[in-house]
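Asker: Input: one structure, supplied below.
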Amino acid sequence: MSFISKPRVPVSKLPKNELGLTTREYEGSMSTLCAGCGHDSITAALIQAFWELNVEPHQVVKMSGIGCSSKTTAYFLGDAHGINAVHGRMPSVATGANSADRDLYYVGVSGDGDSLSIGLGQFAHALRRNLNMLYVIENNGVYGLTKGQFSASADVGSKAKKGEVNQQPPIDPVITAMAMGGSFVARSFSGDKEQLVPLLKAGIMHRGFALVDVLSPCVTFNDHEDSTKSYAHTRQFYHPAVHADFVASKKPIRTAYNEGEVMPVELHDGSTVLLRKVSKDYDPANRAKAYSYLHDHQKKGEIVTGLLYIDEGQRDMHEVSNTVPTPLRDLAYQDLTPGAKKLAEIQDRYR
Ligand SMILES: Cc1ncc(C[n+]2csc(CCOP(=O)(O)OP(=O)(O)O)c2C)c(N)n1
Ligand code: SF4
Ligand SMILES: [Mg+2]
(Lines give C-alpha, C1' and ligand atoms only; values in the text may rest on other atoms or scores of the structure.)
(Ligands and ions follow the chains in the order given, each with its own letter.)
Protein backbone atom coordinates (compact mmCIF):
# COMPACT_ATOMS: atom_id res chain seq x y z
CA MET A 1 0.00 0.00 0.00
CA SER A 2 1.35 3.42 -0.93
CA PHE A 3 1.88 5.75 1.99
CA ILE A 4 2.26 9.49 1.47
CA SER A 5 2.57 11.64 4.60
CA LYS A 6 0.46 14.76 4.70
CA PRO A 7 2.48 17.96 5.00
CA ARG A 8 1.85 19.45 8.47
CA VAL A 9 0.87 23.04 7.74
CA PRO A 10 0.13 24.87 11.02
CA VAL A 11 -3.35 26.44 10.97
CA SER A 12 -3.97 28.45 14.14
CA LYS A 13 -7.70 29.09 13.66
CA LEU A 14 -8.92 25.46 13.68
CA PRO A 15 -11.29 24.76 16.61
CA LYS A 16 -10.08 22.40 19.34
CA ASN A 17 -12.06 19.66 21.06
CA GLU A 18 -12.06 18.98 24.84
CA LEU A 19 -8.66 17.27 24.53
CA GLY A 20 -7.19 20.40 22.93
CA LEU A 21 -6.87 18.63 19.57
CA THR A 22 -7.90 19.89 16.14
CA THR A 23 -9.28 17.68 13.37
CA ARG A 24 -5.74 17.68 11.92
CA GLU A 25 -4.68 15.35 14.73
CA TYR A 26 -7.40 12.92 13.61
CA GLU A 27 -6.19 12.74 10.02
CA GLY A 28 -3.90 10.09 8.54
CA SER A 29 -1.76 9.90 5.42
CA MET A 30 -2.74 11.31 1.99
CA SER A 31 -5.49 9.48 0.17
CA THR A 32 -4.42 7.73 -3.03
CA LEU A 33 -8.02 7.05 -4.13
CA CYS A 34 -9.55 8.51 -7.32
CA ALA A 35 -10.69 12.13 -7.01
CA GLY A 36 -14.41 12.14 -6.16
CA CYS A 37 -14.48 8.60 -4.68
CA GLY A 38 -17.25 8.31 -2.07
CA HIS A 39 -14.84 6.53 0.28
CA ASP A 40 -12.90 9.77 0.90
CA SER A 41 -16.10 11.47 2.16
CA ILE A 42 -16.60 8.62 4.64
CA THR A 43 -13.01 9.09 5.85
CA ALA A 44 -13.81 12.78 6.46
CA ALA A 45 -16.97 11.81 8.38
CA LEU A 46 -15.00 9.35 10.57
CA ILE A 47 -12.42 12.06 11.36
CA GLN A 48 -15.24 14.42 12.35
CA ALA A 49 -17.02 11.77 14.46
CA PHE A 50 -13.94 10.77 16.52
CA TRP A 51 -12.94 14.44 16.95
CA GLU A 52 -16.42 15.42 18.17
CA LEU A 53 -16.50 12.46 20.57
CA ASN A 54 -13.17 13.56 22.11
CA VAL A 55 -11.72 10.08 21.65
CA GLU A 56 -7.93 9.96 21.98
CA PRO A 57 -6.57 8.56 18.68
CA HIS A 58 -4.31 6.02 20.44
CA GLN A 59 -7.42 4.50 22.07
CA VAL A 60 -8.68 3.37 18.67
CA VAL A 61 -7.99 0.19 16.69
CA LYS A 62 -8.64 0.43 12.94
CA MET A 63 -9.36 -2.84 11.15
CA SER A 64 -9.78 -3.54 7.45
CA GLY A 65 -9.52 -6.22 4.76
CA ILE A 66 -8.53 -5.60 1.12
CA GLY A 67 -10.03 -3.14 -1.38
CA CYS A 68 -10.07 0.60 -2.06
CA SER A 69 -12.36 0.86 0.97
CA SER A 70 -9.98 -1.16 3.12
CA LYS A 71 -7.12 1.17 2.19
CA THR A 72 -8.92 4.09 3.83
CA THR A 73 -7.95 3.17 7.39
CA ALA A 74 -4.55 4.68 6.49
CA TYR A 75 -6.23 8.04 5.83
CA PHE A 76 -7.61 8.79 9.30
CA LEU A 77 -6.34 8.65 12.88
CA GLY A 78 -2.67 8.27 12.04
CA ASP A 79 -1.83 7.75 15.73
CA ALA A 80 -4.29 4.86 16.19
CA HIS A 81 -3.48 1.13 16.09
CA GLY A 82 -4.25 -0.55 12.79
CA ILE A 83 -4.43 -3.98 11.18
CA ASN A 84 -4.92 -4.45 7.44
CA ALA A 85 -6.05 -8.10 7.28
CA VAL A 86 -6.51 -10.56 4.41
CA HIS A 87 -9.44 -10.00 1.97
CA GLY A 88 -12.70 -10.82 3.78
CA ARG A 89 -10.97 -11.94 6.98
CA MET A 90 -11.02 -8.72 8.99
CA PRO A 91 -13.85 -9.78 11.36
CA SER A 92 -11.92 -12.75 12.80
CA VAL A 93 -8.81 -10.60 13.34
CA ALA A 94 -11.04 -7.97 15.00
CA THR A 95 -12.56 -10.69 17.21
CA GLY A 96 -9.08 -11.72 18.37
CA ALA A 97 -7.96 -8.15 19.05
CA ASN A 98 -11.18 -7.29 20.89
CA SER A 99 -10.89 -10.48 22.96
CA ALA A 100 -7.44 -9.40 24.12
CA ASP A 101 -8.39 -5.81 24.99
CA ARG A 102 -11.97 -4.66 25.29
CA ASP A 103 -11.03 -1.19 26.56
CA LEU A 104 -10.18 0.22 23.11
CA TYR A 105 -12.55 1.51 20.43
CA TYR A 106 -12.72 -0.78 17.40
CA VAL A 107 -13.60 0.51 13.94
CA GLY A 108 -13.70 -1.78 10.92
CA VAL A 109 -13.82 -0.38 7.40
CA SER A 110 -14.74 -2.85 4.69
CA GLY A 111 -16.13 -2.99 1.15
CA ASP A 112 -19.16 -4.72 -0.33
CA GLY A 113 -16.82 -7.28 -1.91
CA ASP A 114 -14.80 -7.67 1.29
CA SER A 115 -17.92 -8.18 3.47
CA LEU A 116 -20.61 -9.62 1.19
CA SER A 117 -18.70 -11.65 -1.42
CA ILE A 118 -15.56 -13.36 -0.05
CA GLY A 119 -16.15 -12.29 3.56
CA LEU A 120 -19.86 -12.98 4.05
CA GLY A 121 -19.29 -15.82 6.54
CA GLN A 122 -16.89 -13.77 8.65
CA PHE A 123 -19.20 -10.74 8.57
CA ALA A 124 -22.19 -12.85 9.63
CA HIS A 125 -20.36 -14.40 12.60
CA ALA A 126 -19.05 -11.07 13.94
CA LEU A 127 -22.62 -9.79 13.75
CA ARG A 128 -23.99 -12.90 15.44
CA ARG A 129 -21.43 -12.63 18.26
CA ASN A 130 -22.35 -8.95 18.71
CA LEU A 131 -18.67 -8.07 18.65
CA ASN A 132 -18.26 -4.59 20.11
CA MET A 133 -17.16 -2.54 17.10
CA LEU A 134 -18.27 0.02 14.56
CA TYR A 135 -18.39 -1.82 11.22
CA VAL A 136 -18.59 0.42 8.14
CA ILE A 137 -19.29 -1.05 4.71
CA GLU A 138 -18.29 1.38 1.96
CA ASN A 139 -20.79 0.01 -0.54
CA ASN A 140 -20.28 0.80 -4.24
CA GLY A 141 -21.62 -2.40 -5.82
CA VAL A 142 -18.29 -3.24 -7.45
CA TYR A 143 -14.80 -4.49 -6.77
CA GLY A 144 -13.20 -1.06 -7.22
CA LEU A 145 -9.61 -2.10 -6.55
CA THR A 146 -9.65 -4.88 -9.15
CA LYS A 147 -11.26 -2.64 -11.79
CA GLY A 148 -15.02 -2.91 -11.63
CA GLN A 149 -16.30 -6.51 -11.48
CA PHE A 150 -19.80 -6.86 -9.93
CA SER A 151 -19.81 -7.49 -6.21
CA ALA A 152 -22.52 -9.34 -4.25
CA SER A 153 -24.36 -6.05 -3.59
CA ALA A 154 -24.84 -5.17 -7.29
CA ASP A 155 -28.54 -4.99 -8.21
CA VAL A 156 -30.13 -7.13 -10.93
CA GLY A 157 -29.99 -5.15 -14.18
CA SER A 158 -27.12 -2.99 -12.98
CA LYS A 159 -24.77 -2.34 -15.91
CA ALA A 160 -20.99 -2.55 -15.70
CA LYS A 161 -18.98 0.20 -17.34
CA LYS A 162 -18.26 -2.09 -20.29
CA GLY A 163 -21.97 -2.94 -20.78
CA GLU A 164 -22.34 -6.33 -19.04
CA VAL A 165 -25.65 -6.63 -17.14
CA ASN A 166 -25.74 -8.20 -13.67
CA GLN A 167 -28.18 -11.14 -13.38
CA GLN A 168 -27.51 -12.22 -9.77
CA PRO A 169 -29.80 -10.95 -6.99
CA PRO A 170 -27.98 -8.67 -4.53
CA ILE A 171 -27.19 -9.28 -0.88
CA ASP A 172 -28.39 -6.28 1.12
CA PRO A 173 -26.22 -5.93 4.27
CA VAL A 174 -28.97 -4.08 6.13
CA ILE A 175 -31.65 -6.73 5.49
CA THR A 176 -29.06 -9.44 6.31
CA ALA A 177 -28.13 -7.76 9.60
CA MET A 178 -31.79 -7.30 10.59
CA ALA A 179 -32.54 -10.96 9.83
CA MET A 180 -29.46 -12.18 11.73
CA GLY A 181 -30.25 -10.32 14.95
CA GLY A 182 -27.92 -7.31 14.58
CA SER A 183 -28.17 -4.91 17.52
CA PHE A 184 -27.46 -1.67 15.59
CA VAL A 185 -28.31 -1.40 11.92
CA ALA A 186 -27.96 1.82 9.93
CA ARG A 187 -27.63 2.98 6.35
CA SER A 188 -26.43 6.27 4.93
CA PHE A 189 -24.84 7.89 1.88
CA SER A 190 -21.28 9.19 1.57
CA GLY A 191 -22.69 12.47 0.19
CA ASP A 192 -24.80 13.13 3.31
CA LYS A 193 -22.32 14.09 6.04
CA GLU A 194 -25.10 15.61 8.16
CA GLN A 195 -26.75 12.21 8.51
CA LEU A 196 -23.56 10.14 8.49
CA VAL A 197 -21.57 11.81 11.31
CA PRO A 198 -24.22 11.30 14.08
CA LEU A 199 -24.75 7.71 12.90
CA LEU A 200 -21.01 6.99 13.12
CA LYS A 201 -20.83 8.60 16.58
CA ALA A 202 -23.75 6.51 17.84
CA GLY A 203 -22.16 3.40 16.28
CA ILE A 204 -18.84 4.07 18.03
CA MET A 205 -20.59 4.44 21.41
CA HIS A 206 -22.99 1.49 20.93
CA ARG A 207 -21.98 -1.58 22.94
CA GLY A 208 -22.09 -4.36 20.36
CA PHE A 209 -21.81 -4.69 16.59
CA ALA A 210 -22.83 -1.41 14.94
CA LEU A 211 -23.28 -1.84 11.21
CA VAL A 212 -23.30 1.32 9.11
CA ASP A 213 -23.81 0.49 5.43
CA VAL A 214 -22.76 3.57 3.46
CA LEU A 215 -23.59 3.91 -0.23
CA SER A 216 -20.33 5.19 -1.63
CA PRO A 217 -20.23 5.65 -5.41
CA CYS A 218 -17.16 4.46 -7.33
CA VAL A 219 -16.62 7.32 -9.76
CA THR A 220 -14.26 5.30 -11.95
CA PHE A 221 -16.19 2.06 -12.48
CA ASN A 222 -19.79 2.50 -11.26
CA ASP A 223 -21.04 6.07 -11.51
CA HIS A 224 -22.74 5.91 -14.92
CA GLU A 225 -26.41 6.25 -15.85
CA ASP A 226 -27.28 2.52 -15.56
CA SER A 227 -25.74 2.00 -12.16
CA THR A 228 -27.95 1.79 -9.05
CA LYS A 229 -24.99 2.80 -6.85
CA SER A 230 -24.22 6.08 -8.66
CA TYR A 231 -24.44 9.56 -7.14
CA ALA A 232 -27.44 10.43 -9.34
CA HIS A 233 -29.39 7.22 -8.60
CA THR A 234 -28.75 7.37 -4.86
CA ARG A 235 -29.84 11.03 -4.64
CA GLN A 236 -33.03 10.27 -6.61
CA PHE A 237 -34.15 7.24 -4.56
CA TYR A 238 -32.80 8.29 -1.16
CA HIS A 239 -35.49 7.86 1.49
CA PRO A 240 -34.68 8.82 5.11
CA ALA A 241 -36.86 6.81 7.51
CA VAL A 242 -35.41 8.26 10.68
CA HIS A 243 -32.93 11.05 11.41
CA ALA A 244 -30.44 10.49 14.21
CA ASP A 245 -28.83 13.14 16.40
CA PHE A 246 -26.17 12.18 18.91
CA VAL A 247 -25.99 13.81 22.34
CA ALA A 248 -22.90 13.23 24.51
CA SER A 249 -23.56 12.00 28.06
CA LYS A 250 -22.71 15.26 29.84
CA LYS A 251 -25.26 17.40 28.00
CA PRO A 252 -28.82 17.61 29.34
CA ILE A 253 -31.12 16.20 26.68
CA ARG A 254 -34.58 16.65 28.20
CA THR A 255 -35.06 20.00 26.50
CA ALA A 256 -33.83 18.73 23.16
CA TYR A 257 -36.91 16.75 22.16
CA ASN A 258 -40.68 16.75 22.23
CA GLU A 259 -42.13 13.43 23.26
CA GLY A 260 -43.90 11.67 20.40
CA GLU A 261 -41.82 13.42 17.75
CA VAL A 262 -38.43 12.19 18.89
CA MET A 263 -37.42 8.91 20.49
CA PRO A 264 -34.38 9.14 22.79
CA VAL A 265 -32.33 5.94 23.13
CA GLU A 266 -29.77 5.95 25.92
CA LEU A 267 -26.49 4.19 25.16
CA HIS A 268 -24.59 2.24 27.83
CA ASP A 269 -22.20 5.14 28.63
CA GLY A 270 -25.07 7.58 29.26
CA SER A 271 -24.91 9.31 25.87
CA THR A 272 -28.09 9.43 23.83
CA VAL A 273 -29.19 9.02 20.23
CA LEU A 274 -32.25 11.05 19.40
CA LEU A 275 -34.26 9.40 16.67
CA ARG A 276 -36.48 11.84 14.83
CA LYS A 277 -38.93 9.92 12.71
CA VAL A 278 -39.34 11.12 9.16
CA SER A 279 -41.89 8.43 8.35
CA LYS A 280 -44.61 8.28 11.02
CA ASP A 281 -45.07 4.51 10.81
CA TYR A 282 -41.37 3.74 11.32
CA ASP A 283 -40.36 2.13 14.62
CA PRO A 284 -36.58 1.57 15.01
CA ALA A 285 -37.11 -0.49 18.17
CA ASN A 286 -39.41 -3.06 16.57
CA ARG A 287 -37.36 -5.52 14.51
CA ALA A 288 -40.29 -7.18 12.71
CA LYS A 289 -41.93 -3.87 11.71
CA ALA A 290 -38.65 -2.27 10.69
CA TYR A 291 -37.83 -5.36 8.62
CA SER A 292 -41.12 -5.30 6.69
CA TYR A 293 -40.85 -1.51 6.21
CA LEU A 294 -37.42 -2.00 4.64
CA HIS A 295 -38.75 -4.79 2.38
CA ASP A 296 -41.74 -2.73 1.23
CA HIS A 297 -39.56 0.24 0.28
CA GLN A 298 -36.92 -1.98 -1.31
CA LYS A 299 -39.61 -3.34 -3.67
CA LYS A 300 -40.32 0.26 -4.77
CA GLY A 301 -36.62 0.75 -5.48
CA GLU A 302 -36.19 3.18 -2.57
CA ILE A 303 -33.07 3.30 -0.44
CA VAL A 304 -34.16 3.61 3.18
CA THR A 305 -31.60 5.40 5.36
CA GLY A 306 -31.03 6.38 9.00
CA LEU A 307 -30.63 4.36 12.21
CA LEU A 308 -32.98 1.59 11.16
CA TYR A 309 -32.82 -0.66 14.22
CA ILE A 310 -31.27 -0.42 17.67
CA ASP A 311 -31.31 -2.65 20.73
CA GLU A 312 -29.08 -1.43 23.56
CA GLY A 313 -30.08 -4.38 25.77
CA GLN A 314 -28.48 -7.11 23.66
CA ARG A 315 -25.47 -8.78 25.33
CA ASP A 316 -22.12 -8.36 23.57
CA MET A 317 -19.49 -11.07 22.97
CA HIS A 318 -17.75 -10.51 26.32
CA GLU A 319 -20.96 -10.69 28.35
CA VAL A 320 -22.08 -13.88 26.59
CA SER A 321 -18.67 -15.54 27.00
CA ASN A 322 -18.16 -14.22 30.53
CA THR A 323 -14.58 -13.12 29.84
CA VAL A 324 -12.32 -11.30 32.28
CA PRO A 325 -12.67 -7.52 31.99
CA THR A 326 -8.91 -6.90 32.36
CA PRO A 327 -6.99 -6.62 29.07
CA LEU A 328 -4.86 -9.76 28.66
CA ARG A 329 -1.62 -7.73 28.67
CA ASP A 330 -2.40 -6.57 32.25
CA LEU A 331 -3.07 -10.05 33.66
CA ALA A 332 -0.40 -11.76 35.76
CA TYR A 333 1.16 -14.85 34.17
CA GLN A 334 -0.45 -17.21 36.72
CA ASP A 335 -3.90 -15.76 35.84
CA LEU A 336 -3.38 -16.45 32.16
CA THR A 337 -2.71 -20.16 32.61
CA PRO A 338 -4.91 -22.72 34.38
CA GLY A 339 -1.92 -23.98 36.48
CA ALA A 340 -0.37 -27.45 36.48
CA LYS A 341 -3.00 -28.98 38.82
CA LYS A 342 -6.01 -27.73 36.83
CA LEU A 343 -4.33 -28.72 33.56
CA ALA A 344 -3.78 -32.27 34.88
CA GLU A 345 -7.47 -32.46 35.87
CA ILE A 346 -8.56 -31.33 32.38
CA GLN A 347 -6.23 -33.86 30.73
CA ASP A 348 -7.60 -36.61 32.98
CA ARG A 349 -11.09 -35.95 31.61
CA TYR A 350 -9.89 -36.95 28.13
CA ARG A 351 -7.92 -40.08 29.09
C1 LIG B 1 -8.10 -13.92 -1.22
C2 LIG B 1 -8.17 -12.81 -2.25
N3 LIG B 1 -9.00 -12.93 -3.31
C4 LIG B 1 -9.11 -11.95 -4.21
C5 LIG B 1 -8.37 -10.81 -4.07
C6 LIG B 1 -8.46 -9.70 -5.13
N7 LIG B 1 -9.22 -8.57 -4.66
C8 LIG B 1 -8.61 -7.52 -4.06
S9 LIG B 1 -9.68 -6.31 -3.61
C10 LIG B 1 -10.98 -7.20 -4.23
C11 LIG B 1 -12.39 -6.68 -4.20
C12 LIG B 1 -12.57 -5.41 -3.44
O13 LIG B 1 -13.89 -4.99 -3.52
P14 LIG B 1 -14.58 -4.24 -2.32
O15 LIG B 1 -14.39 -4.96 -1.05
O16 LIG B 1 -15.98 -3.98 -2.73
O17 LIG B 1 -13.74 -2.89 -2.20
P18 LIG B 1 -13.71 -1.59 -3.13
O19 LIG B 1 -12.40 -1.69 -3.85
O20 LIG B 1 -14.86 -1.63 -4.05
O21 LIG B 1 -13.77 -0.47 -2.17
C22 LIG B 1 -10.57 -8.43 -4.78
C23 LIG B 1 -11.49 -9.42 -5.39
C24 LIG B 1 -7.50 -10.70 -2.93
N25 LIG B 1 -6.77 -9.62 -2.72
N26 LIG B 1 -7.44 -11.70 -2.06
S1 SF4 C 1 -11.61 2.64 -8.27
FE2 SF4 C 1 -13.60 3.33 -7.48
S3 SF4 C 1 -13.63 2.67 -5.32
FE4 SF4 C 1 -11.49 2.63 -6.01
S5 SF4 C 1 -10.64 4.63 -5.47
FE6 SF4 C 1 -11.38 4.77 -7.60
S7 SF4 C 1 -13.46 5.57 -7.39
FE8 SF4 C 1 -12.88 4.79 -5.38
MG1 LIG D 1 -16.82 -2.27 -3.56
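Residues are listed down the side, and each one gets a yes or a no for (1) within 16 Å of ligand 2 (Cβ to nearest atom); (2) free of Cβ contacts under 8 Å to residues at least 60 places away in the same chain:
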site	(1), (2)
E52	no, no
G65	yes, yes
Y75	yes, yes
A97	no, yes
Y105	no, no
D114	yes, yes
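Asker: What is the one condition in (1) crowded, with 24+ Cβ neighbours inside 10 Å; (2) within 16 Å of ligand 2 (Cβ to nearest atom) that G119 does not satisfy?
Answerer: (2)
Asker: Any chance you could count how many residues in segment 77-95 are at negative phi and free of Cβ contacts under 8 Å to residues at least 40 places away in the same chain?
Answerer: Residues in segment 77-95 being at negative phi and free of Cβ contacts under 8 Å to residues at least 40 places away in the same chain: 12 in total.
Asker: Exactly one of (1) more than 16 Å from ligand 1 (Cβ to nearest atom); (2) in a helix (DSSP H, G or I); (3) surrounded by fewer than 21 Cβ atoms within 10 Å (Cβ to Cβ); (4) under 16 Å from the mean Cα position of the chain (by Cα) is unmet by A97. Its number?
Answerer: Evaluating A97 over (1) more than 16 Å from ligand 1 (Cβ to nearest atom); (2) in a helix (DSSP H, G or I); (3) surrounded by fewer than 21 Cβ atoms within 10 Å (Cβ to Cβ); (4) under 16 Å from the mean Cα position of the chain (by Cα) leaves (4) as the failure.
Asker: I'd like to know if segment 109-119 contains one or more residues that are within 16 Å of ligand 3 (Cβ to nearest atom), at pLDDT 95 or above, in a strand (DSSP E or B) and not β-branched (V, I, T).
Answerer: Yes - at least one qualifying residue is present in segment 109-119.
Asker: Could you tell me which residue of segment 1-34 is nearest to C218 (Cα to Cα), considering only residues that are of a type in the set (G, A, S) and loosely packed, with under 11 Cβ neighbours inside 10 Å?
Answerer: From segment 1-34, those of a type in the set (G, A, S) are 2, 5, 12, 20, 28-29, 31; that's our starting set.
Keeping just the survivors that are loosely packed, with under 11 Cβ neighbours inside 10 Å gives 2, 5, 12, 20.
Numbers: S2: 20, S5: 24, S12: 35, G20: 36 Å.
Going through the qualifying residues, I end up with S2.
Asker: In segment 18-35, which residue that is of a type outside the set (A, V, I, L, M) and under 19 Å from S70 (Cβ atoms) is farthest from ligand 1 (Cβ to nearest atom)? Write out each step before concluding.
Answerer: Going residue by residue through segment 18-35, those that are of a type outside the set (A, V, I, L, M) are 18, 20, 22-29, 31-32, 34.
Then keep just the ones that are under 19 Å from S70 (Cβ atoms); that gives 27-29, 31-32, 34.
Values: E27: 20, G28: 17, S29: 17, S31: 13, T32: 12, C34: 11 Å.
Taking the candidates together, the pick is E27.
Asker: Out of the residues in segment 195-252 that are β-branched (V, I, T) and away from ligand 3 (no atom under 16 Å from the Cβ), which is nearest to L294 (Cα to Cα)?
Answerer: Residues of segment 195-252 that are β-branched (V, I, T), as a first pass: 197, 204, 212, 214, 219-220, 228, 234, 242, 247.
From what's left, away from ligand 3 (no atom under 16 Å from the Cβ): 197, 204, 242, 247.
Details: V197: 22, I204: 24, V242: 12, V247: 26 Å.
Step by step, filter segment 195-252, then rank; the result is V242.
Asker: Next up: Within segment 240-291, take every residue that is part of a helix (DSSP H, G or I) and either among the hydrophobic types (A, V, I, L, M, F, W, C) or at pLDDT below 85 (or both) and give me the one that is nearest to the chain's Cα centre (by Cα).
Answerer: The extreme case among them is A290.
Asker: crowded, with 24+ Cβ neighbours inside 10 Å and within 23 Å of Y293 (Cβ to Cβ), is that true of P173?
Answerer: It is true that P173 is crowded, with 24+ Cβ neighbours inside 10 Å and within 23 Å of Y293 (Cβ to Cβ).
Asker: Residues of segment 122-162 being away from ligand 2 (no atom under 12 Å from the Cβ), in contact (Cβ under 8 Å) with a residue 60 or more places away in the chain and touching a Leu at 6+ places or on another chain (Cβ under 8 Å), which ones?
Answerer: L127, L134, Y135, V136, I137, S153
Asker: A follow-up question, please. Filter segment 300-351 down to residues that are outside any loop (DSSP other than H, G, I, E, B), free of Cβ contacts under 8 Å to residues at least 60 places away in the same chain and either at positive phi or hydrophobic (A, V, I, L, M, F, W, C) (or both), then give me how many there are.
Answerer: Of the residues in segment 300-351, 5 are outside any loop (DSSP other than H, G, I, E, B), free of Cβ contacts under 8 Å to residues at least 60 places away in the same chain and either at positive phi or hydrophobic (A, V, I, L, M, F, W, C) (or both).
Asker: Could you tell me whether S69 is near ligand 1 (Cβ under 10 Å from one of its atoms) and either surrounded by 24 or more Cβ atoms within 10 Å (Cβ to Cβ) or in contact (Cβ under 8 Å) with a residue 40 or more places away in the chain (or both)?
Answerer: yes
The values are calculated or read from the model by the stated rules, or taken from the named source; none is laboratory data. Keep in mind that this is a model prediction, so the values were computed, not measured. For neighbour counting, all protein chains shown are included, and Cβ atoms are generated from backbone atoms with ideal geometry for every residue, glycine included.
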